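Rule-based calculations on the coordinates, nothing more; no lab input. None of these values were measured; they are calculated from a predicted model. Please note: Cβ atoms are built from the backbone with ideal geometry, for glycine as well, and neighbour counts cover all protein chains shown.
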Amino acid sequence: MKIYEVAVIGGGSAGVMAAIRTVLNNDECLFFPGNSNHKKRSRAFWVSAVENMPAHLNYKKGIEEPNKISLDWLAAGPFASKFHWHKNRGVTKVLKKEDGLFEITDDKANIFHAKFIILCTGVMDVQPKINGSIEPIFQYANAQLIDYCLRCDGHHVLGKKTAVIGHTTSAVWVAVMLFERYQCPEMTILTNGEELQCDEESQALMIRYGFKLVSEKIESVLGDAKSKKLDGFKTATQIISTDFAFVALGMIVYNELAKMLSAELDQRGFVSTDNKGKSSIDGLYIAGDLRANTKKQIYTAWDTAVDSADEINMLIRRQKRNASSI
Ligand SMILES: Cc1cc2nc3c(=O)[nH]c(=O)nc-3n(C[C@H](O)[C@H](O)[C@H](O)COP(=O)(O)OP(=O)(O)OC[C@H]3O[C@@H](n4cnc5c(N)ncnc54)[C@H](O)[C@@H]3O)c2cc1C
């Protein structure tokens, strides 16, 4: 039975960095980046220009394009024999056997065995439903007129009439931060039919800054995404005029594989780990957005992946050192 040292599951920001670091550490790496369904529901897939990091401005798809360049280089380079890239493959099942090895089943029912897993399956931002569908938002999100990530794209609202779609304390804080940083001439909170549930501090700031609160359901998005223009949102009784919008509805956490292994999760479903990404399950490491208590960003995904791959390499080296008689 072939036993791999490390299996990296997920091929977004964290997964690609975990694969690069593992292979360059000279550890044998099985790499499952996910099939087309996994990719389409990943954050990496929806990222266009990355403006909050150096050296990414020229990529139209700021994660996927540079990742592909690096993976192709890895697969052709001096460590190619250590890199087992299962293109377009996802993982459907993981279990930990009595001998301590992980048994990994891919979506073609092939079975693999590995000593360590770095799980990087990520998260996805919750989309608002407009007339029961999440579709109306996408053309505007693709045109970057509607954004999700404050650190990535908050600067887009500079001087713009802005709306935040959300109904929790977090949504109000997103509005407060955008307003304080970029002096938006108008700020509206669109709860899209939900009751606003925010704490006293954020509510007081809403009032102080004169935010408008609209609790009706959104019926349609107004504008022309192709010409990069958002005009606003229509409800049953009014039109809310905005140049830009943010969605702040929380995240769906892709923790199914971690749950199969009974790894400990936090209250929101992120996987709890130590500062190297080690989960409650021996040998299972978590990197990227899936790891609890991290910034949900490309550079944090990279850093967490490096932490985990290096820690695993240290354990592998220690094991080999102890087993050798030299
Ligand atoms: C619209 C948008 C714009 C953003 N812009 C920026 C930005 O400008 N700057 C920035 O720093 N961050 C940005 N982010 C955040 C950034 O995309 C994420 O923080 C980062 O991609 C997280 O990396 P990750 O590897 O954890 O997850 P992802 O990149 O989402 O990757 C998850 C991977 O897991 C795979 N997968 C899932 N399930 C399985 C499975 N069962 N088997 C195998 N593979 C699986 C998927 O195929 C995918 O490859 C943005 C996010 C969004 C949504």
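Per-structure values
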quantity: Whole-number D in µm²/s for the range 112-197 (Stokes-Einstein; Kirkwood sum over Cα pairs; 25 °C, 0.890 mPa s); calculated: 165
quantity: Residue-averaged [θ]222 nm for the chain, counting only DSSP H segments that reach four residues, each worth -39500 (n - 2.57); calculated: -9000 deg cm²/dmol
quantity: Above-threshold pairs, the threshold being 21 Å between Cα atoms, out of LYS115/LYS278; LYS39/LYS93; LYS61/LYS234; LYS39/LYS161; calculated: LYS61/LYS234; LYS39/LYS161
quantity: Net +/- balance of residues flanking ILE218 in space, Cβ distance below 12 Å, scoring K and R +1, D and E -1; calculated: 0
quantity: With at most 10 other Cβ atoms within 10 Å, longest stretch of the chain clear of loop GluC sites (Glu not before Pro) (DSSP); calculated: 196-326
quantity: Shape box of the range 3-110 [Cα atoms, principal axes, largest first, Å]; calculated: 47, 32, 20
quantity: Spin-label pair ARG151/LYS97, simplified geometry with 7 Å Cα→Cβ offset, distance in nm; calculated: 3.9
quantity: Estimated FRET transfer efficiency (ASN88, GLU195; beta-carbon r; R0 35 Å; 0.05); calculated: 0.20
quantity: Paramagnetic reach from ASN26 in the range 64-79 [backbone N under 15 Å; point 7 Å along Cα→Cβ]; calculated: 78-79
quantity: DSSP-loop trypsin sites (Lys or Arg not before Pro) across the range 37-107, with at most 16 other Cβ within 10 angstrom; calculated: ARG41, LYS60, LYS61, LYS87, LYS97
quantity: Over the chain: Kirkwood hydrodynamic radius from C-alpha pairwise inverse distances, Å; calculated: 21.2
quantity: Separation in nanometres of the label points that stand 7 Å from Cα toward Cβ, at SER48 and THR105; calculated: 4.0
quantity: Only Lys, Arg (+1) and Asp, Glu (-1) charged, at Cβ; the chain dipole about Cα centre in debye; calculated: 880
quantity: Furthest towards positive pole of dipole, PHE270, ILE286, ILE240, structure part the range 167-326, Cβ charges; calculated: ILE286
quantity: Pairwise centroid distance, computed over Cα atoms, of the range 48-112 with the range 302-326, Å; calculated: 20
quantity: Cα gyration tensor of the range 127-247 - equivalent ellipsoid semi-axes, whole Å, descending; calculated: 20, 17, 12
